[in-house]
Amino acid sequence: MAFDIVARAWKILENDLTRKKCLEVYEEAKGRTDHMIAEKRKKLKKEGRSFEPIPEDDPVKYKHAIYVMVMKLFADMERRRQKLDQRDQEERKRKRETEIEEEERVKADREWQQNFEESRQSRVNSWHDFQSGAGKSKKTKKQKHMTGMMVPPKFKPESR
């Protein structure tokens, strides 16, 4: 386990581009730590205690403060990378779901079209039966209408 971690770190530092990025992170951490120390000194000066030493004056504690800042920066970078990976994964999942929905819609349309074609003859026969019995049904409709309650004509608005 530890060997794998060291091997991975060696691989990262072996590559010139990634080593340069790591050195940039270290320099940024050093700059932030120096800025933090300057802010502490400014605060002590405002309080009138400029003669008091701050913990980072000790070289060991200064190195530790830089170490902590480097770890924070790398952790922030990792969190950002994980967020981007998660967003990318969600986007791929959404695209796949859209593709599946589209496939299902196309399949349903194809099935409907097939059923429509298969039922064509029955619809044509139904229409022919209706046409052949059209004279009889008109008389029965008129008779039914005459026996039922009279409906007044629909109101049509004037047009000018």
Magnitude of the Cβ-charge dipole (Lys and Arg +1, Asp and Glu -1) of the chain about the Cα centre, nearest 20 debye, reported as 1420
Solvent-accessible area per residue for region 8-123 (1.4 angstrom probe, square angstrom) | 89
Indicate the helices, whole DSSP H runs only, in the chain that combine a mean Kyte-Doolittle hydropathy of 1.0 or more with a Cα extent along their long axis of 15 angstrom or more.
-> none
Overall dimensions of the chain as given by Cα atoms, namely Rg and Dmax in Å = 41.5, 116
Grab the Cα-Cα distance for residue 21 and residue 38, subtract it from 0.36 nm times how many residues apart they are, and report the gain in nm with one decimal.
-> 3.6 nm
Once you've got the Cα coordinates, tell me which of 46/83; 30/83; 42/63 are over 30 Å apart.
-> 46/83
Ranked by accessible surface with a 1.4 Å probe, highest first, in what order do 54, 5 come?
-> 5, 54
For region 37-83, what does the alpha-carbon gyration tensor say about shape, rounded, prolate or oblate, given a ≥ b ≥ c as the root eigenvalues, a/c under 1.5 as rounded, and a/b over b/c as prolate?
-> oblate
Estimated inter-spin distance, residue 50 and residue 78, nm [label 7 Å along Cα→Cβ] | 4.2
Given 23, 153, 50, which one lies farthest toward the positive end of the charge dipole of the chain, if we put +1 on the Cβ of every Lys and Arg and -1 on the Cβ of every Asp and Glu?
-> 153
Springs between alpha-carbon atoms under 10 Å, Gaussian network over the chain: tell me which of 77, 36, 150 tops the mean-square fluctuations.
-> 150
Percent relative contact order of the chain, based on C-alpha pairs within less than 8 angstrom and at least six residues apart?
-> 16
Rounded to the nearest 500 deg cm²/dmol, what is the calculated helix-only ellipticity per residue at 222 nm for the chain, with -39500 (n - 2.57) per DSSP H run of length n ≥ 4?
-> -29000 deg cm²/dmol
With the dipole of region 57-110 defined by +1 on each Lys or Arg Cβ and -1 on each Asp or Glu Cβ, the option from 86, 66, 98 whose Cα lies farthest towards the positive pole is 66
When ranked by the protection proxy of mean other Cβ atoms within 10 Å per residue, highest first, what sequence do the peptides 66-75, 42-51, 151-160 form?
-> 66-75, 42-51, 151-160
Which percent of the accessible heavy-atom area of the chain goes to carbon and sulfur, probe 1.4 angstrom?
-> 58
Heavy-atom SASA rank of 3, 130 (probe 1.4 Å, accessible area, largest first) | 3, 130
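The values are calculated or read from the model by the stated rules, or taken from the named source; none is laboratory data. Since the structure is predicted, the reported quantities are computational estimates derived from the model, not experimental observations. Cβ: placed from backbone, ideal geometry, glycine included. Neighbour counts: every protein chain shown. Protein only, heavy atoms only, side chains kept; ligands, DNA and RNA dropped before computing areas. Shrake-Rupley method; radii C 1.70, N 1.55, O 1.52, S 1.80 Å.
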